[in-house]
Amino acid sequence: MKILIINGPNLNMLGIREPAIYGSNTYQDLCDMIEAHAKEIGVDVEFFQSNHEGALVDAIQAAFGDAQGIVINPGAYTHTSVALLDAVKTVGIPTVEVHISDPDTREDFRRISYIREGCVATVKGKGLPGYLEAMDLLANMRK
Ligand code: CA2
């Protein structure tokens, strides 16, 4: 089973800015953590990060026929992007939405998630381990 891990805008800045909200681990630490967990649970992973909405749509489309699960933290596009919702619905790959913080407890504008209705689950407010929980959810769905 291959899981595509997608991170949206500014998540490449992990560990560099706003450690009080997003922690002090870097994007590379996140990828290393995910690689290690993938080995433990016996799945393959591929990573994609972009600050560009269209590039994220392209990555979701490219997963069609290639990945059997998607873990996505769409960053701020969570709260604005119908295009990302349409993309996950179009490919029909089981997708889990992840947020490092809990957007529902922050500013009002973070309470809307467009992508949520296209996802099989949402993991939020659990820090970087939330990505690992999302991988487990997808791996267990195939058992
Ligand atoms: O909690 C999350 O994971 C978010 O998806 C992160 C987004 C935010 O817009 C969402 O509301 C919730 C922001 C990502 C910005 O990431 C940074 C990481 C480190 C330093 C600065 C920004």
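Structure data summary
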{"read-out": "Only listed residue being within 26 Å of R106 (Cα to Cα) and at pLDDT 95 or above, chosen from L4, L30", "value": "L30"}
{"read-out": "Complete set of residues in the stretch 6-52 that are under 23 Å from T80 (Cα atoms), away from the ligand (no atom under 13 Å from the Cβ) and not in a loop (DSSP other than H, G, I, E, B)", "value": "F47, F48"}
{"read-out": "Subset of the stretch 73-83 (residues that are more than 7 Å from the ligand (Cβ to nearest atom) and either over 19 Å from A55 (Cβ atoms) or within 12 Å of the chain's Cα centre (by Cα) (or both))", "value": "Y77"}
{"read-out": "Residue list for the stretch 1-52, restricted to those being among the charged types (D, E, K, R) and free of Cβ contacts under 8 Å to residues at least 40 places away in the same chain", "value": "R17, E18, D32, E35, K39, E40"}
{"read-out": "Qualifying residue in the stretch 10-21 (condition: of a type in the set (V, I, T) and within 23 Å of K143 (Cα to Cα))", "value": "no"}
{"read-out": "Search result, residues across the stretch 90-143 that are part of a helix (DSSP H, G or I) and either away from the ligand (no atom under 15 Å from the Cβ) or modelled with pLDDT under 95 (or both)", "value": "T90, V91, E117, G118, M135, D136, L137, L138, A139, N140, M141"}
{"read-out": "Residues within the stretch 56-72 that are away from the ligand (no atom under 16 Å from the Cβ) and either touching a strand residue (DSSP E or B) at 6+ places or on another chain (Cβ under 8 Å) or among the charged types (D, E, K, R) (or both), tallied", "value": "8"}
{"read-out": "Which listed residue is closer than 14 Å to K2 by Cα and surrounded by 15 or more Cβ atoms within 10 Å (Cβ to Cβ), from P103, P94, P74", "value": "P94"}
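The values are calculated or read from the model by the stated rules, or taken from the named source; none is laboratory data. Keep in mind that this is a model prediction, so the values were computed, not measured. Every residue, glycine as well, gets a Cβ built from its backbone with ideal geometry; the counts of neighbours run over all protein chains shown.
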